[in-house]
Amino acid sequence: MTLCKTAFWRTPTTATLILALLLGPLPALSQTLDMGTKFRLAQGFEQAGDYERAAGLYRDLLTRDPQNTVYFDALQRMLMQLKRYDDAILLMNNRLESTPPDLNLRALLGSVYHRAGRDREAREEWDRALALKPVTPNQYRIIANIMVENRLLDAAAEVYRRARVACKDPNLFTIELSQLLAVSMDYHGATAELLRWLAQNPGQLAFVQGRLAAFTGKPEARKAAMEAVQEAGHEKDDARLSELLGWLHLEGKEFPEAFEVYKNIDRLTRAQGGSLLAFADRAFKEQAFDVAAKAYEEAIKTPLAAAKMPYAKYGYASTLKGLGAVADTLTRPLGGKRRPMTEASPEYRGAVAYFRSIIQDYPHTEFSAKSYYQIGTIQFEKFFDLDGALASFEKVGEEAGGIHLVRYDVALKIGQIEVARGDTARAALSYRSVVSAPDALPDQGDEANYRLAELDFFAGHSDDAVRRLEAIALNLKADYANDALRLLAFLEENTKTVPEALQQFARAEFLARQRRNTEAVALLQQIVQGYPGALLADDAFMRIGSLQEDAGLHQDALGTYARLLTEFKESSVALDRAQFNVAEIYEFGLRDKAAAIAAYEKLLADYPRSVLTALARKRIRLLRGDPL
């Protein structure tokens with residue numbers, strides 16, 4: 001212990017010196033310290049926030065070594081912290097007497113004048129700084145940066161413009177100026193500067209788009225940017241400007257306008273339909289099917305290069321399928337799976353015919369395989385033609401060759417067809433072939449496991465279904481995670497309460513998958529009669545109503561939903577969905593606009609927090625003929 005004390009008192013530390021400084025008078029101690037120790041003390045005071053004491057020490061150091069830049073910077077920094085602007089100005093002016101060409105110091109002096117509220121003197125000082133080397137761009141950059149730090153954005157922009165005149169270079173500071181103008185909400189000017197940059201750097205279109213994307217999310221900013229691009233386009237017919245304009249239209253989901261622009265791009269670039277094909281693919285992904293169809297047609301008749309033609313034709317056929325789905329949605333209720341159509345139904349007739357033409361034109365290719373897959377999907381999901389769908393899916397295997405991923409998709413579809421046929425054993429084989437495949441995609445494996453869990457549910461093996469669903473639900477990013485969570489919650493809620501009712505519900509659901517709706521409804525009605533207190537009683541009512549809708553029994557469905565809304569108004573979480581289904585029956589089934597509007601309005605009044613309110617409001621506007 002003694003040794004430690006001896007060592008401590010032999011070597012003065014910064015802490016002991018600070019303590020001595022605090023206890024003793026400053027002048028006395030400053031005379032006894034060497035300059036290095038005093039500088040460390042000043043730094044310690046600065047870090048502790050004691051700027052007054054730090055300033056005193058830095059001033060003393062600077063007095064003893066007037067040319068030391070570190071001491072000077074430290075002292076002026078403390079004076080700024082203390083807001084002693086007049087002292088800082090005096091310090092800097094004294095310094096400038098010995099170093100008048102110091103641009104950085106003059107720029108900083110202008111900043112101090114501004115902060116002191118002496119704006120006229122600030123501008124004069126910055127003008128003096130610029131006059132030092134008036135044709136050097138870096139001079140203007142330094143002053144503009146100081147102005148930006150002081151939020152003088154307009155003044156900084158003017159400095160950049162002065163630089164262009166003084167340096168005789170109209171393309172100076174385009175990026176810096178565009179940033180300033182964007183922050184100042186001069187979006188037209190910001191875009192014009194970026195176009196100036198693009199003219200000098202033709203390969204930087206993606207860079208310019210990235211810069212524009214920083215503000216074109218706002219409608220008024222995107223409109224101003226489009227005006228700037230259009231004005232520039234009037235001066236010259238430039239493909240890059242057209243691409244930028246087309247991109248801006250796409251950002252605003254203005255697909256018809258974008259289509260017109262991309263027709264011009266295709267002409268300017270001599271792309272022979274290539275640009276139109278790229279646009280059509282983008283419009284298709286955005287589900288702008290009507291515009292996508294026109295773009296595909298335009299690309300096909302250009303004509304496209306032979307290597308790109310099958311892509312365009314397959315895209316066009318897929319778009320026709322999308323248009324059919326839109327027409328289907330507009331003419332039939334959204335609730336339930338709807339009554340099956342036939343291949344002669346107008347909604348899908350064109351799509352099926354076009355897919356068949358692709359099969360004929362490009363046999364034994366990925367396009368013929370994918371076309372058979374699309375036809376099979378339509379036959380199964382829209383026509384409920386099980387034999388036709390199965391034949392189409394079997395053709396996929398013949399056409400796909402070694403494309404295993406396509407085969408796994410087919411196996412999943414075939415499994416669903418077998419369920420619809422009532423053959424759960426063959427369905428399970430199809431699903432297990434995907435689960436056991438080492439090269440299947442994670443989403444394909446998840447879907448297969450979900451389908452197997454459904455089979456366990458249909459068979460009354462709820463515990464097995466729960467175990468399988470829990471594994472899927474762990475990955476919330478999986479496509480089937482939400483479906484798995486819903487079924488898992490349903491099983492866990494009802495397995496321990498009334499298992500008999502749950503098993504009967506499962507048998508009814510299995511019958512519904514086979515479109516044996518009358519038998520399914522009978523089983524579900526037994527549940528609501530025999531187990532009125534069961535937690536799944538309201539689910540049974542909802543399922544009965546949807547099956548009655550599918551069969552076109554609109555009045556029966558309305559009666560079912562009315563019972564649900566009355567008998568379970570205090571307990572069911574499906575009330576808003578039931579009310580929405582009532583409105584859809586009036587709108588699409590009974591074609592009663594007034595009753596449909598009243599039903600949608602009742603949804604808004606009774607369930608204002610429902611996720612269906614936005615769609616209900618849209619339906620009301622459509623029924624009234626109001627503009628969207």
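The values are calculated or read from the model by the stated rules, or taken from the named source; none is laboratory data. In this text, all values refer to a predicted model and were calculated from it rather than measured experimentally. Heads up, the Cβs are rebuilt from the backbone with ideal geometry, glycines too, and the neighbour counts pull from every protein chain shown.
Scoring Y71 on the criteria (1) loosely packed, with under 12 Cβ neighbours inside 10 Å; (2) modelled with pLDDT of 85 or more leaves a single failure, condition (1). Of everything listed in (1) surrounded by fewer than 21 Cβ atoms within 10 Å (Cβ to Cβ); (2) under 25 Å from V528 (Cα atoms); (3) in contact (Cβ under 8 Å) with a residue 24 or more places away in the chain, the single unmet condition for I597 is (2).
Put simply, of R543, R507, R486 the only residue that is surrounded by fewer than 22 Cβ atoms within 10 Å (Cβ to Cβ) and modelled with pLDDT of 95 or more is R507.
When R84, R118 are screened for being under 48 Å from the mean Cα position of the chain (by Cα) and not aliphatic (A, V, I, L, M), only R118 passes.
For residues that are surrounded by fewer than 21 Cβ atoms within 10 Å (Cβ to Cβ), in contact with a Phe, Trp or Tyr (Cβ under 9 Å, 6 or more places away or on another chain) and among the hydrophobic types (A, V, I, L, M, F, W, C), tally how many sit in segment 418-454. Counting residues in segment 418-454 that are surrounded by fewer than 21 Cβ atoms within 10 Å (Cβ to Cβ), in contact with a Phe, Trp or Tyr (Cβ under 9 Å, 6 or more places away or on another chain) and among the hydrophobic types (A, V, I, L, M, F, W, C) gives 3.
Among the candidates A283, A206, A239, the residue that is crowded, with 19+ Cβ neighbours inside 10 Å and of a type in the set (G, A, S) is uniquely A283. Being of a type in the set (D, E, K, R) and either part of a helix (DSSP H, G or I) or under 25 Å from the mean Cα position of the chain (by Cα) (or both) is the filter here, so list the residues in segment 227-248 that pass it. Those that are of a type in the set (D, E, K, R) and either part of a helix (DSSP H, G or I) or under 25 Å from the mean Cα position of the chain (by Cα) (or both): E227, E231, E235, R240, E243.
All of (1) in contact (Cβ under 8 Å) with a residue 12 or more places away in the chain; (2) in a helix (DSSP H, G or I) hold for Q529 with one exception: (1). Remark: R128 matches the filter, which requires a residue to be of a type in the set (K, R) and more than 48 Å from the chain's Cα centre (by Cα). So for segment 140-150 (the condition being of a type in the set (D, E, K, R), over 30 Å from L82 (Cβ atoms) and in contact (Cβ under 8 Å) with a residue 24 or more places away in the chain), does at least one residue qualify? No, every residue in segment 140-150 fails to be of a type in the set (D, E, K, R), over 30 Å from L82 (Cβ atoms) and in contact (Cβ under 8 Å) with a residue 24 or more places away in the chain. Quick check: is even one residue across segment 375-396 under 30 Å from G322 (Cα atoms), at pLDDT below 95, touching a His at 6+ places or on another chain (Cβ under 8 Å) and not aliphatic (A, V, I, L, M)? Scanning segment 375-396, I find no residue that is under 30 Å from G322 (Cα atoms), at pLDDT below 95, touching a His at 6+ places or on another chain (Cβ under 8 Å) and not aliphatic (A, V, I, L, M), so the answer is no.
Take residues that are within 20 Å of T37 (Cα to Cα) and tell me which of the helices (runs of 4 or more DSSP H) falling wholly in segment 52-156 contain 2 or more.
Of the helices (runs of 4 or more DSSP H) lying wholly inside segment 52-156, those with at least 2 residues that are within 20 Å of T37 (Cα to Cα) span 69-81.
Of the helices (runs of 4 or more DSSP H) that lie entirely inside segment 422-506, those containing 2 or more residues that are among the polar types (S, T, N, Q) span 424-435, 442-458, 481-495.
Annotation: R609 fulfils all but one of (1) within 24 Å of D539 (Cβ to Cβ); (2) surrounded by fewer than 14 Cβ atoms within 10 Å (Cβ to Cβ); (3) without any contact (Cβ under 8 Å) to a residue 24 or more places away in the chain; (4) over 32 Å from the mean Cα position of the chain (by Cα); the unmet one is (4). Selection within segment 374-387: residues that are touching a residue at least 40 places away in the same chain (Cβ under 8 Å) and not charged (D, E, K, R). The member of this set that is surrounded by the most Cβ atoms within 10 Å (Cβ to Cβ) is I378.
Restricting segment 128-161 to residues that are among the hydroxyl-bearing types (S, T, Y) and under 21 Å from G189 (Cα atoms), the residue that is surrounded by the fewest Cβ atoms within 10 Å (Cβ to Cβ) is Y160. In segment 303-314, of all residues being without any contact (Cβ under 8 Å) to a residue 40 or more places away in the chain and surrounded by 21 or more Cβ atoms within 10 Å (Cβ to Cβ), the one that is nearest to Y372 (Cα to Cα) corresponds to A312.
Of all residue pairs spaced 6 or more apart or on separate chains, those with beta-carbon atoms under 9 Å, a first member in segment 39-54 that is of a type in the set (S, T, Y) and a second member that is assigned to a helix (DSSP H, G or I) and surrounded by fewer than 19 Cβ atoms within 10 Å (Cβ to Cβ) are Y51/R77; Y51/Q81. Restricting attention to segment 492-504, the residues that are under 22 Å from A420 (Cα atoms) and either buried (at least 20 other Cβ atoms within 10 Å of the Cβ) or touching an Asp or Glu at 6+ places or on another chain (Cβ under 9 Å) (or both) total 2. Is it the case that I472 is among the β-branched types (V, I, T) and either in contact with a strand residue (DSSP E or B) (Cβ under 6 Å, 6 or more places away or on another chain) or within 28 Å of P346 (Cα to Cα) (or both)? Considered against the rule, which asks whether it is among the β-branched types (V, I, T) and either in contact with a strand residue (DSSP E or B) (Cβ under 6 Å, 6 or more places away or on another chain) or within 28 Å of P346 (Cα to Cα) (or both), I472 comes out as no.
One residue stands out among those in segment 85-122 that are touching a residue at least 24 places away in the same chain (Cβ under 8 Å) and charged (D, E, K, R): the one that is surrounded by the fewest Cβ atoms within 10 Å (Cβ to Cβ), which is D86.
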